[in-house]
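> Quick one: the structure is below, questions incoming.
The values are calculated or read from the model by the stated rules, or taken from the named source; none is laboratory data. None of these values were measured; they are calculated from a predicted model. Backbone-built Cβ (ideal geometry, glycine too); neighbour counts: all protein chains shown. Ligands, DNA and RNA are excluded from the accessible area calculation, which covers all protein heavy atoms including side chains. Shrake-Rupley method; radii C 1.70, N 1.55, O 1.52, S 1.80 Å.
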Amino acid sequence: MPDVAPAVRLRGIGKRFPGVIANDDINIDVARGTIHAIVGENGAGKSTLMKILYGVQAPDSGTIEIAGEQVSLSSPADAIRHGVGMVFQHFQLADNFTVLENVVLGAEKLHGIGAAARAEITRISDAYGLGIEPDRLVEDLGVGARQRVEILKVLYRGAKVVILDEPTAVLVPQEVDELFGNLRELKAEGLSVIFISHKLDEVLSVADEITVIRRGTTVATVDPAGVTSRQLAELMVGSELPSPSTESSTVTDRVTLHVADLSLPGAEGPGQGRPLLDAISFDIHAGEVLGIAGVEGNGQAELVEAIMGMRPGATGSIRLAGVDLDQLSTRRRREAGIGYIPEDRHRHGLLLDAPLWENRVLGHQTRKPWARLGLIDRKAARADTERIVADYDVRTPGVDTLARALSGGNQQKLIVGREMSGEPILLIAAHPTRGVDVGAQAAIWGHIKDARRAGLAVLLISADLDELIGLSDRIEVILRGRMVGSFDPSHVTPEQLGSAMTGAGGAV
Amino acid sequence: MKDPRLVKLGLGLAAPVLALLLAFLITSLVLVVAGDPVGEVWSTILGVPEERNIANILNNATVLYLSGLAVAVGFRMNLFNIGVDGQYRVAAFVAAVVAGEAWLPGAANTVLAILAAMLAGAAWAGIAGVLRARRGVSEVISTIMLNFIATGLVAYFLRRVAVREEGSNDIGTKEIPEGSRIPGFSIGDGPTEVYGFIFLAALAGFVYWFVLNRTRFGFDLRATGRSTTAAVASGISVTKMTVVAMLISGAVAGLVGLPLLFGDSYSYGSTFQSGLGFAGIAIALLGRNHPIGIAIGALLFAYLDEQSNPLQILVGVSPDIVAITQGVIVLTVVISYEVVRRYGVRLEQHAVARALEADRQEARA
Ligand SMILES: Nc1ncnc2c1ncn2[C@@H]1O[C@H](COP(=O)(O)OP(=O)(O)OP(=O)(O)O)[C@@H](O)[C@H]1O
Ligand SMILES: [Mg+2]
């Protein structure tokens, strides 16, 4: 029986920020029991719209109706009361708490904090096939499981509409499939799901309806059965859908990065002995891209940070173009020619409350043209920031805008532009295209390929297996801190990689 | 169209003015509740100061300014240096001893004593810095502790080196020789001189601004204050920055006691003025860690202090009422900056909307 009132009806939503119009006359209907995808370029206004629907930000104009009733949402608590819940891309769980504690935190009034709460969690988990054990510690859970806890948290609070902002960016393909299975369960129970993604194939496979946002306004709502991802991309930006493909090999015989026997002991304490990195050795040559495949949390972050000199406990030897890095500080390593695109751009990549030009200088404080006699030449820094903004298509009102005001994808583009500047000899790229739209993704791949042709060595870490296979000259699989298999990207399928990553098979 | 720079300046001034009005309002409420004569209190405090008072205000402001700067250095790195009090006590004592001994002649002696004061202040604050960097001890706790230790330590050493002042029970360090004092100047023909140290304070303010905003070191310091994780990833050694920032904060704090020492008392004695460090915290907050803002805050606090002196005699109200005003200012300033910021954002949004509307009409035509 079709319900006449849609679960969510947005009419004429508008929202402005200084110098930008984030939303302008947005109209969307989300029907009950459907998965509704929202796609659009970086900075199109998707996250802003979702924050409005979740009561985090107030719209300047327009109306919100939930289940036929017009509402005004001034806080997330309001939104929850009306049955709207949201899962942010940055999880908001306390690591050293159990699932149960995390879920009831702030919602103690609903089912208490004891047996009733545990029963309710189990009930929800079973009903939607989430497979969550209430008494596990969150820190022991993988990324996919943490995301399911976040979803459960939202459902526990009675959400009928669940918003997910780029939920698949951090997941490997198997986890994405599981997530989509869960979402289908939700919709079968009559809930509505709104989700944002830049991966158009995924969107087509799971969504019932797709709304395209361009420059802050809704340009079309389409039926996935009737469109291809190419047509979707054209609706979004008017450009074509790229596909990563390696051209002829540019690998030289000069070793740029030599890592031997790199180990990092695990957290201290009884029975916690498993090392985070266990005797890792590899070489990357000039002009070579080494891809690291692995489920998040298997030592990738530690590997990168050990090479950057951010992990004091690491042992083993690391040489960059013949120079021993072991005794060098992070700054000296950067000066020696390492570009570093961190996995968590908010924690490691940006000063969110500083203007873009200061963020351009960050990590390159000692570089020309702005570093002179211990001073920083602001004019030179601004000018070079302008260059990156133009070359990497960073959508911003200006270089004095605060980094916080940029959309996620545009922040990423700025970081990529910054780290590719100054002619690095080694680029450590953790998820370089996470959160950027298809057009920008193609552009970033292009930049990496150009630099590789000019002799750049790249250590590429990515959850996107197509990206790994498309860009890498060689792929190593990392599992529980160890390199467990080496693959030739021209002969491997995402499925084979996937099973090696979970330890289910593959070359050892 | 209004000049956007004028609008920005106007907004910048609106925030502190709003804060002051609010603070006066709240203080008035307190006065009303206590049954004190509101009108008379304000007319006494807000009168135009006489020449004699102006010199006092400038002198007091000089001292408060240095204290505010010292605190602000820490604030820029998210370090809460509550120990300015102890640092300037140790520093002033060391400077008094060095200057009193007069190992060098004239101005060279002065310079040596000032350097010694900065070193002593830096060393005292550095203890907290090292504890924080190496052991993770909160600088809030350690600097408070160090304040107590400083009081005890200085009192102890003062007994060892002190000379009894003639005809009094007060003890103090040897007087600074005439040639090593910092001469003041008078405004009009008032009896009180303005400390010559005021120029050194202004210089300190300029150096603070320059180092923070123009140098790589200042960039690293501000970056660390904004995000330690991003700072580490960018190659900044956060432990080193923590120690260095505390050293600098302490060195500036070391100057706080000197205007009085070189311009008025010429020795460190039992009548030493303490408590300026806490006023510095309020002033740094009021001035938003900006060198000009801190100057305005210091002048304002000094003005209120000076003008409230005769309250007891003239209207029978305790001058402590301005301590309430000063405290309230710190709160209202935080609120009013936020209010004005939001208002500014709205203004800008309207401007954007108008531009958009104009674009559309053009497109239609
Ligand atoms: N707090 C803010 N202050 C100022 N501008 C903002 C703020 N938040 C977002 N914006 C601007 O609003 C626009 C839309 O941003 P939004 O984050 O909604 O984009 P998005 O569609 O989610 O992009 P992405 O795919 O990159 O995540 C951008 O131009 C951004 O710069
Ligand atoms: Mg977004």
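> Name the residues in segment A:204-216 that are within 16 Å of ligand 2 (Cβ to nearest atom) and crowded, with 22+ Cβ neighbours inside 10 Å, would you?
A:T211, A:V212, A:I213, A:G216
> Consider A:T63 against the criteria (1) open to solvent by less than 20 Å² (accessible area, probe 1.4 Å); (2) away from chain B (no Cβ under 14 Å); (3) away from ligand 2 (no atom under 16 Å from the Cβ): it satisfies all of them except one. Which criterion is unmet?
Only one criterion is unmet by A:T63, namely (1).
> Still on this structure, I have one more. Looking for whichever is of a type outside the set (G, A, S), within 16 Å of ligand 2 (Cβ to nearest atom), at negative phi and buried (at least 24 other Cβ atoms within 10 Å of the Cβ) here; the options are A:L406, A:L352, A:L356, A:L362. Which one fits?
One residue alone meets the criteria, A:L406.
> A further question follows. Going by the structure shown, is A:T250 among the β-branched types (V, I, T) and modelled with pLDDT of 85 or more?
No; evaluated as a whole, the condition is false for this residue.
> Name the pairs: first residue in segment B:137-154 and more than 18 Å from B:L247 (Cβ to Cβ), second residue open to solvent by less than 70 Å² (accessible area, probe 1.4 Å), Cβ to Cβ under 6 Å, at least 6 apart or on different chains?
Listed pairs, sorted by first residue: B:I144/B:I82; B:V154/B:R89; B:V154/B:F93.
> For segment A:17-34, which positions are open to solvent by 50 Å² or more (accessible area, probe 1.4 Å), away from every other protein chain (no Cβ under 14 Å) and within 26 Å of the chain's Cα centre (by Cα)?
Selection gives nothing.
> With the requirement that a residue be within 21 Å of the chain's Cα centre (by Cα) and of a type in the set (D, E), what does segment A:41-60 give you?
A:E41
> Exactly one of these conditions fails for A:Y392: (1) within 11 Å of chain B (Cβ to nearest Cβ); (2) open to solvent by 10 Å² or more (accessible area, probe 1.4 Å); (3) under 24 Å from A:I196 (Cβ atoms). Give me its number.
If we test A:Y392 against (1) within 11 Å of chain B (Cβ to nearest Cβ); (2) open to solvent by 10 Å² or more (accessible area, probe 1.4 Å); (3) under 24 Å from A:I196 (Cβ atoms), just (1) comes out false.
> Here are the criteria: (1) more than 9 Å from chain B (Cβ to nearest Cβ); (2) open to solvent by 40 Å² or more (accessible area, probe 1.4 Å). Tell me which single one A:E335 does not satisfy.
Single failed check for A:E335: (1).
> A further question on this structure: Return the only residue of A:G408, A:G363 being within 11 Å of chain B (Cβ to nearest Cβ) and of a type in the set (G, A, S).
Testing whether each residue is within 11 Å of chain B (Cβ to nearest Cβ) and of a type in the set (G, A, S) leaves just A:G363.
> Which residues, counting only those in segment B:222-241, are surrounded by fewer than 22 Cβ atoms within 10 Å (Cβ to Cβ) and part of a helix (DSSP H, G or I)?
Those that are surrounded by fewer than 22 Cβ atoms within 10 Å (Cβ to Cβ) and part of a helix (DSSP H, G or I): B:R222, B:G225, B:R226, B:T228, B:T229, B:V232, B:V238, B:T239, B:K240.
> Next question. Please find, among A:D223, A:D208, the residue that is acidic (D, E), more than 19 Å from A:M50 (Cα to Cα) and more than 15 Å from ligand 1 (Cβ to nearest atom).
A:D223
> Out of all the residues in segment A:177-225, which are within 21 Å of A:G12 (Cβ to Cβ) and charged (D, E, K, R)?
A:E209, A:R214, A:R215 - these are the residues of segment A:177-225 that are within 21 Å of A:G12 (Cβ to Cβ) and charged (D, E, K, R).
> Still on this structure: Among residues belonging to segment A:303-332 that are within 14 Å of another protein chain (Cβ to nearest Cβ) and part of a helix (DSSP H, G or I), point out the one that is most open to solvent (accessible area, probe 1.4 Å).
A:R332
> Identify the single condition in (1) touching a residue at least 40 places away in the same chain (Cβ under 8 Å); (2) open to solvent by 10 Å² or more (accessible area, probe 1.4 Å) that B:L13 does not satisfy, given that it satisfies every other one.
So the condition that B:L13 fails would be (1).
> Before we move on, is A:D126 open to solvent by 40 Å² or more (accessible area, probe 1.4 Å), within 24 Å of A:E189 (Cβ to Cβ) and of a type in the set (D, E)?
So A:D126 passes the test.
> Right, next: Starting from residues that are buried (at least 22 other Cβ atoms within 10 Å of the Cβ) and among the hydrophobic types (A, V, I, L, M, F, W, C), keep the ones in segment B:196-220 and report whichever is farthest from the other protein chains (Cβ to nearest Cβ).
Selected residue: B:F197.
> Okay, next question. Restrict the check to segment A:10-18 and report whether at least one residue is in contact (Cβ under 8 Å) with a residue 60 or more places away in the chain, within 15 Å of ligand 1 (Cβ to nearest atom), closer than 17 Å to A:G83 by Cβ and in contact with a Pro (Cβ under 9 Å, 6 or more places away or on another chain).
No, there is no match, as no residue in segment A:10-18 is in contact (Cβ under 8 Å) with a residue 60 or more places away in the chain, within 15 Å of ligand 1 (Cβ to nearest atom), closer than 17 Å to A:G83 by Cβ and in contact with a Pro (Cβ under 9 Å, 6 or more places away or on another chain).
> Output the residues belonging to segment A:35-57 that are open to solvent by less than 10 Å² (accessible area, probe 1.4 Å), within 11 Å of ligand 2 (Cβ to nearest atom) and within 23 Å of A:E69 (Cα to Cα).
The answer is A:I38, A:L49, A:M50.
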